[in-house]
Amino acid sequence: MKGEGKRNTKCLAYIAAFIVFQTIIILVFALTVMRVKSPKVRFGDVVVESFTPSSTNSSSFDMRLVAQVTIKNTNFGHFKYDSSNATILYGDTPVGSAVIPKGRAKARKTQRFKVTVDVTSASLSGNANLTNDIGYGVLRLSSQAKLSGKVHLMKVIKKKKSGQMSCTMAVDLAKRAIQDLKCK
């Protein structure tokens, strides 16, 4: 009788330790793998492919930029996103736009692809700041984009997430090169 009570107590202690251990494993899994973060969307390299100043007006231009878009997915599931637009702005005025096609960023990977943006100053006629910037030879632009989609975890759980891009850059008109590309 006495030995049987010790065995029951020992068995209950093992069961309790196993339950505590399993609870810790489930808690760690829930706090690391199941935690869904928004992907990071950025411009990588931006290259000025062509720049054409207007022959009739000194404060207008046409420019073609080729930008590498990077989507960094830090989740343990893939990020499937819808088609979106990346907009290039001068001040608060849109001067160019590019389509970001729908796609998928694999789990814990960075997806890279190139987009072409045609930038024109047609919507900026009469802007004194533009005339000054062209005179100085440096054109300050910014870009914005928002990618919306779902993170798929273990083919069962789907969480809606969106990544936003906000970059600033300076275009050196003499060298036809991008300076000071900064993304948030």
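The values are calculated or read from the model by the stated rules, or taken from the named source; none is laboratory data. The model shown is predicted, which means the values in this text are computed figures rather than measured ones. With ideal geometry, Cβ positions are generated from the backbone for all residues, glycine too; neighbour counts draw on all protein chains shown. Just so you know, the surface numbers come from the protein's heavy atoms only, side chains and all, with ligands and any DNA or RNA stripped out. Shrake-Rupley method; radii C 1.70, N 1.55, O 1.52, S 1.80 Å.
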* Asked: Which Cys in the chain stand alone, with every other cysteine's Cβ at 4.7 Å or more from theirs?
  -> Cys11
* **Charge dipole of the chain about the Cα centre (unit charges at C-beta), most positive-ward option of Ala105, Leu173, Val36** => Val36
* Taking the Cα-to-Cβ direction at Ser125 and at Gln179 and moving 7 Å from each Cα, how far apart do the two end points lie in nm? -> 3.1
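Taking a cut-off of 18 Å, what percent of all Cα-Cα pairs in region 73-184 are separated by more than that?
57
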* Long-range amide H partners of Ser97 with built H, under 5 Å -> Ile88, Asp118
* Which value at 222 nm does the chain reach when only helices count, each DSSP H run of 4 or more adding -39,500 (n - 2.57), with the total divided by all residues and rounded to the nearest 500 deg cm²/dmol? -> -7500 deg cm²/dmol
* Where the only charges are on Cβ atoms (+1 Lys, Arg; -1 Asp, Glu), what is the dipole of the chain about its Cα centre, to the nearest 20 debye? -> 1800
* Selection from Tyr81, Cys11, Val119 lying farthest towards where the dipole of the chain points positive, charges on Cβ -> Cys11
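If I compute solvent accessible area with a 1.4 Å probe over the protein chains, what percent of it on region 78-184 is carbon and sulfur?
47
Please calculate how many Å² of accessible area the chain carries per residue, with a 1.4 Å probe and no DNA, RNA or ligand atoms counted.
Per-residue value: 64 Å².
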* **Hits among aspartates and glutamates - C-alpha to C-alpha of Lys175 under 13 Å, sequence gap 8 or more where chains match** => Glu49
* Phi to ³J(HN,Hα) by Karplus 6.51 cos²θ - 1.76 cosθ + 1.60 over region 5-13, Hz, x for Gly, Pro -> x, 5, 5, 5, 5, 5, 5, 5, 5
* Based on alpha-carbon positions alone, could you give the equivalent ellipsoid semi-axes of region 104-167 from the gyration tensor, as √(5λ), descending, whole Å? => 39, 12, 10
* Asked: What's the FRET efficiency of Asp62 with Ile157 using the Cβ-Cβ distance as r and R₀ = 45 Å, to the nearest 0.05?
  -> 0.45
* Asked: Just how many % of Cα pairs in region 1-119 lie over 25 Å apart, if you round to the nearest whole percent?
  -> 54
* If you place +1 on the Cβ of every Lys and Arg and -1 on the Cβ of every Asp and Glu, how big does the dipole about the Cα centre of region 120-173 come out, in debye to the nearest 20? -> 880
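Relative contact order for region 5-106: what is it in percent, counting Cα pairs under 8 Å that are at least 6 residues apart?
Relative CO of region 5-106 lands at 20 percent.
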